[in-house]
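Right, one structure below, let's go through it.
The values are calculated or read from the model by the stated rules, or taken from the named source; none is laboratory data. On a predicted model such as this, the values are computed, not experimentally measured, just so you know. Here the Cβ is made from the backbone with ideal geometry for all residues, glycine too, and neighbour counts use every protein chain on show. Keep in mind that these areas ignore ligands, DNA and RNA; they rest on the heavy atoms of the full protein, side chains included. Shrake-Rupley method; radii C 1.70, N 1.55, O 1.52, S 1.80 Å.
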Amino acid sequence: MAKHKNIPFFIPHSGCKNNCTFCSQTKITGYSLPAEQIAKEAERLISVVDESLDYLGGSEAQIAFFGGSFTGIERDRMLLLLQTAWEYVKKGKVAGIRLSTRPDYIDEEILAILKKYGVTHIELGLQSTDEVVLSATNRGHGRDVCFKNAEMIVNAGFELVGQMMIGLPFSTEEKEIQTAKDIVAMGASAARIYPTVVFEETKLYEQCLKGEYMPLSIEDAVRRSLECLKVFRKADVEILRIGLHSSEELKNAPYGANHPAVGELVYGEEMYEQICDLIGLAGTIGRALKIYVADNKVSIASGLNGRNKKRLMQKYDFKAIKIFASGKDEKLKVKIEAEE
Ligand code: SF4
């Protein structure tokens, strides 16, 4: 499958009248943008897309409206952004349009508009399908809305992407695995997993300070994300991302899984488990392990800062470990040999 490229266009917090306890996006005062600012925003979209197409090379890219709840912004503003993006789709300059939104900002009328303007993918910020977690994080809707509106999206012929979080208040590993299973059952073709990060000036931060919420450790974030990843792998649901994009804000977040490479840690852990499974009960002491992986998986096999190699050495008493880039589509293989 060709890796898709996004041309992201961020609409921070716009369209969202909610205030989730973990949300770090500054609440905008006043909800509507004046007409001239709406026009300027569309001009900004054109320059962002034109610049991106120059270095992306075009046709495989999608224009991606991320950041807030796109379908909740003012109607004339949403239409202008969609019309502007649609021009690029019509001319074959981009492959489609995707957007992220809240489950309760979807209805039949909105879907009809999105269809008309060539939207292909809808990313639903579900975060959890557990009633208690949804309520504790002030999501403003229940699990029934998640299911009903996801079904509406799939039935209308859009690709559904499920976004979920790890380590929210009152969440557990079991609830997260269930959320991943629910996303699969909803018919999602792809998913994003976001371990919870605690940002300052959020309700969650206050809850941390009061001892009402125990932030997620990096170790737990990796373990719990991996269990959800396995659910998605089994169902052939593509993982678009694990963890937030690195940013100054993420670096400064006081609590939670604010590791800039949490996704790499999860993929590294996944491969570590797979390598251990392949080694099985083979005799290993004083021998050499050769690991063969696809070209782009060498660093994942080695693990962040070589942690997989170190752990394999310790666990199995290998004398040497070598990892080989063995072609674009090489499946993971291991060989255990007497050291040369
Ligand atoms: S729905 Fe999204 S943008 Fe709105 S408050 Fe919650 S996390 Fe923030």
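Determine, for each peptide in 288-300, 153-165, the mean count of other beta carbons within 10 angstrom over its residues, then list the peptides with the highest first.
Descending mean neighbour count gives 153-165, 288-300.
Just the number please: accessible area per residue for the chain, 1.4 Å probe, all protein chains included, in Å².
49
Distance from the Cα centre of segment 154-227 to that of segment 284-303, in angstrom?
Between the Cα centre of segment 154-227 and that of segment 284-303, the gap is 31 Å.
Excluding residues fewer than 8 places away in the same chain, name every one of the lysines whose C-alpha is closer than 27 Å to that of K234.
Straight-line reach from K234, under 27 Å: K3, K5, K148, K175, K181, K290, K297, K309, K328, K331, K333, K335.
At a temperature of 4 °C and a viscosity of 1.567 mPa s, determine how fast segment 268-338 diffuses translationally according to Stokes-Einstein, using the Kirkwood radius over alpha-carbon pairs as Rh; express D in µm²/s, rounded to the nearest whole number.
Result for D is 109 µm²/s.
Amide H to amide H under 5 Å from Y194: which residues, 5+ apart in sequence or cross-chain, H placed 1.01 Å off N in plane?
M164, M165, I166, G243
Pairs of alpha-carbon atoms within less than 8 angstrom and 6+ residues apart define the contacts here; what relative contact order does segment 181-340 have, in percent?
Values: 252 pairs, mean separation 35.9, N = 160.
Relative contact order for segment 181-340 comes out at 22 percent.
Over segment 5-260, with every protein chain in place, what whole percent of the accessible area is carbon and sulfur at 1.4 Å, could you tell me? Don't skip to the answer; put the middle values down first.
Working: 5970 of 11590 Å².
The computed percentage sits at 51.
Got a number for the accessible area of H259? Probe 1.4 Å, square angstrom, nearest 10.
50
Over the alpha-carbon set of segment 165-268, work out the extent along each principal axis and list the three values in angstrom, largest first.
Projected onto the principal axes, the Cα atoms of segment 165-268 cover 39, 26, 20 Å.
List the aspartates and glutamates whose Cα lies under 14 Å from the Cα of K315, skipping any in the same chain that are fewer than 8 positions away.
Excluding near neighbours in sequence, the set is E273, D277.
With no other cysteine's Cβ closer than 4.7 Å, which Cys residues of the chain count as lacking a disulfide-compatible partner?
Cys with no partner Cβ under 4.7 Å: C16, C146, C208, C228, C276.
For the chain, what is the relative contact order in percent, using Cα pairs closer than 8 Å and at least 6 residues apart in sequence? Don't skip to the answer; put the middle values down first.
Working: 602 pairs, mean separation 41.2, N = 340.
Relative contact order here is 12 percent.
Once amide H atoms are placed 1.01 Å from N in the peptide plane, what residues at a sequence separation of 5 or more from G303, or on another chain, have their amide H within under 5 Å of its amide H?
Sorted by chain and number, the residues that satisfy this are N308.
Taking amide H atoms as placed 1.01 Å from N in the peptide plane, list the residues 5 or more away in sequence, or in a different chain, whose amide H sits under 5 Å from that of R287.
Distant-sequence amide H within range of R287: K319.
Work out, in µm²/s and without decimals, the Stokes-Einstein translational diffusion coefficient of the chain at 4 °C, 1.567 mPa s, Rh from Kirkwood over C-alpha pairs.
60
So what is the relative contact order of segment 268-338, in percent, for Cα pairs below 8 Å that sit 6 or more residues apart?
48 percent.
Rounded to the nearest 10 Å², what accessible area does D329 have for a 1.4 Å probe in the complete protein model?
120
Using the alpha-carbon atoms, what tilt in degrees (0 to 90, nearest 10) does helix 218-234 show relative to the longest principal axis of the chain?
80
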